[in-house]
Amino acid sequence: MPTPGRLLRTAAVIGAVPLAVQAVLLWTGEVGWRVGLSASVAVAAMSGALAWFWLENLRRMTVALRAAAEDGTGFSAPFVTPRLPAVEDVEEALTRLARSLQSRAELVGRLRAADEAIVEALPDPLIVLAEDGAPLRANRAARAIFGLATPYPAGGDLGALLRHPAMAAALDRALAERTPQAADIHLPVPIERELAVQVITMERPMADGGRVILVLNDRTDVRAVERMRADFVANASHELRSPLASLIGFIETLRGPAADDEEARERFLEIMATQSARMQALIDDLLSLSRIELSEHQAPTGQADIAALLRAEVAALEPLAKGTTLAVEAPESLSMKGVDATQLSQVMRNLLDNALRHGKPRGLVRATLARVEGGARLPARPGVLLCVQDDGAGIPREHIPRLTERFYRVDAGRARATGGTGLGLAIVKHIVIRHRGQLTIESEPGQGAAFKVWLPGE
Ligand SMILES: Nc1ncnc2c1ncn2[C@@H]1O[C@H](COP(=O)(O)OP(=O)(O)OP(=O)(O)O)[C@@H](O)[C@H]1O
Ligand SMILES: [Mg+2]
């Protein structure tokens, strides 16, 4: 509703001229008092009414314009009736303006959503920062790295990255020189990560105030592989160095002080033979591991009766069992396609050998083989399950995930003394991977260990 003051002022503007003319007519006696007064009252009333419609029309127009300016929606409230002449035209123009504003707002919204969808879907982690370095937006890949719940981080979660000295220095350089900068960042928490960060500054701020884009490259896995490779070479050299050092030592002794000592020579030669055999075993294992790795991407194509393979391996190991009972539970024959018989024999040999060496002395080793139709902790597909179980000391829980790493041993001294190279389970793992199977290790300390190999196949 128009305010009374405004209504009165507008009515005064509208009625001023006719009322003044009437006053003159009254004063000069051109019209009589009665007619003159009633005409003046009529003019005042008409002016008031006209002013009301005028102001009401304008007020509605203002409301509509504000609505259009704010959210692009046109006129929701209908215009007053009757309308002032020409207001209809203005109304129509305004409706059109509102509609075009609305469609433009929708277009901008769509473009922005498309931009966000692209940034969001990029596989590279990306973070947008404001000029002052405050984080504005992080895409899905970046959120996954930092465990952020929303695309608009408050800053706390990214603190470790943004406060990193190398990151801060690269950011300062990028803003000062207006050229892209790179930084290698190691984050120890919450999860250890190696990130290669590219800092790119924008010439002009983006719509959301973004000025700097950080493109991250998570190199944690690559670095882990590099480290593993270096560790592997170091470990392999170390494993070869000790038997070699002992051989050299014995050769020196045999050439010098023990040259004429028949008894010592026999003993030393015996030790030298053992050490050479150990080196040979290590080299054989290393070679077979690298051969398996080379062929890992090619699925095996052979056919074999794996029950027969198991029986043959058990028979071959029987002489080394030293009082341990080797029990086999397997069907008469179990033929499988898509396997490499030599490699599967190696899997069986390594697992049985471990069970004999790490199991209880004079204990029981059970090797079972059966077809399975999926099951607990197994893929839900038909396959074959080989299980080698011993009743030894078992394996402490924390060691289980690392057993298949090369050279990993629970008790390095003891394993080495029993002739282990620490490569047996790594070989098993790679053969199982090549067969697209699955290796599970179950053990409770004191309750023995069970090594289960699942292979796909009818
Ligand atoms: N059945 C088992 N019971 C207890 N510990 C085991 C068993 N099998 C393996 N382990 C542990 O896992 C480690 C790694 O086994 P792996 O077969 O890879 O090496 P290894 O037996 O020492 O040497 P090798 O290469 O001669 O087999 C062993 O050193 C041992 O500590
Ligand atoms: Mg072994």
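The values are calculated or read from the model by the stated rules, or taken from the named source; none is laboratory data. Here the structure is a predicted model, which means the values were calculated and not measured. Note: ideal-geometry Cβ built from the backbone for every residue, glycine included; neighbour counts use all protein chains shown. The protein model used for the area step is the full one, side chains on, heavy atoms only, and it has no ligands, DNA or RNA in it. Shrake-Rupley method; radii C 1.70, N 1.55, O 1.52, S 1.80 Å.
Ordered from longest to shortest, the equivalent ellipsoid semi-axes for the chain are 93, 29, 17 Å, each the square root of 5 times a Cα gyration tensor eigenvalue. If the segment from Val328 to Val108 were pulled out straight at 0.36 nm per residue, it would be longer than the present Cα-Cα gap by 72.0 nm. Of the residues Trp27, Trp33, Trp52, ranked by 1.4 Å probe accessible area with the largest first, the sequence reads Trp27, Trp33, Trp52.
Whole-Hz Karplus values for the stretch 54-61 come out as 4, 5, 5, 4, 5, 4, 4, 5 Hz, taken residue by residue from phi with 6.51 cos²θ - 1.76 cosθ + 1.60 and θ = phi - 60°; glycine and proline positions read x.
Put simply, when 351-362, 391-402 are sorted by average Cβ atoms within 10 angstrom per residue, most first, you get 351-362, 391-402. For the stretch 259-264, 3J(HN,Hα) computed residue by residue from phi via the Karplus equation (6.51, -1.76, 1.60; θ = phi - 60°) reads 4, 9, 8, 4, 5, 5 Hz, glycine and proline entered as x.
Take 303-311, 176-184, 85-93 and order them by the average number of nearby Cβ atoms within 10 Å per residue, most first; the result is 303-311, 176-184, 85-93.
The length gained on full extension between Gln447 and Leu25, counted as 0.36 nm times the residue separation minus their Cα-Cα distance, comes to 139.6 nm.
Report summary: the helix-based calculation at 222 nm, which adds -39500 (n - 2.57) for every DSSP H run with n ≥ 4 and divides by the residues of the chain, gives -18000 deg cm²/dmol.
Along the stretch 103-109 the Karplus relation, 6.51 cos²θ - 1.76 cosθ + 1.60 evaluated at θ = phi - 60°, assigns HN-Hα couplings of 5, 5, 4, 5, 4, 4, x Hz to successive residues, with x for each Gly and Pro.
As a rough guide to protection, the peptides 450-456, 282-288, 261-267 ranked by mean Cβ packing within 10 Å, highest first, stand as 450-456, 282-288, 261-267. Solvent-accessible surface (1.4 Å probe) assigned to Phe407 amounts to roughly 20 Å². Looking only at the chain, where both bridge partners belong to it, what percent of the DSSP beta bridges are antiparallel (to the nearest 5)? Antiparallel bridges make up about 90 percent of those DSSP assigns within the chain. Note on Arg291 and Ala196: their simple-model spin labels are 3.6 nm apart, each label 7 Å out from Cα toward Cβ. Over the stretch 223-294, the ratio between the Cα radius of gyration and 2.2 N^0.38 Å evaluates to 1.48. Per residue, the accessible area of the chain comes to 58 Å² when a 1.4 Å probe rolls over the protein heavy atoms.
Modelled this way, with points 7 Å down the Cα-to-C-beta line, the labels at Ala321 and Ala277 are 2.1 nm from one another. Modelled spin labels at Trp33 and Ala93, positioned 7 Å past Cα toward Cβ, are 5.0 nm from each other. Our summary gives the stretch 298-456 a relative contact order of 23 percent, counting only alpha carbon pairs under 8 angstrom and 6 or more residues apart. Applying 0.36 nm per residue to the separation of Gln303 and Arg6 and subtracting their alpha-carbon distance, the gain on full extension is 96.9 nm.
The portion of the accessible surface of the chain made up by carbon and sulfur, rounded to a whole percent, is 59 (1.4 Å probe; DNA, RNA and ligands excluded). Remark: relative contact order (the chain) = 8 percent; criterion is Cα-Cα distance under 8 angstrom and separation of 6 or more residues.
Report, to the nearest 10°, how far helix 341-358 tilts away from the longest principal axis of the Cα atoms in the chain, using its own Cα long axis and a range of 0 to 90°. Tilt relative to the chain: about 80 degrees. Centroid-to-centroid, using Cα positions, the stretch 329-349 and the stretch 97-155 are 55 Å apart.
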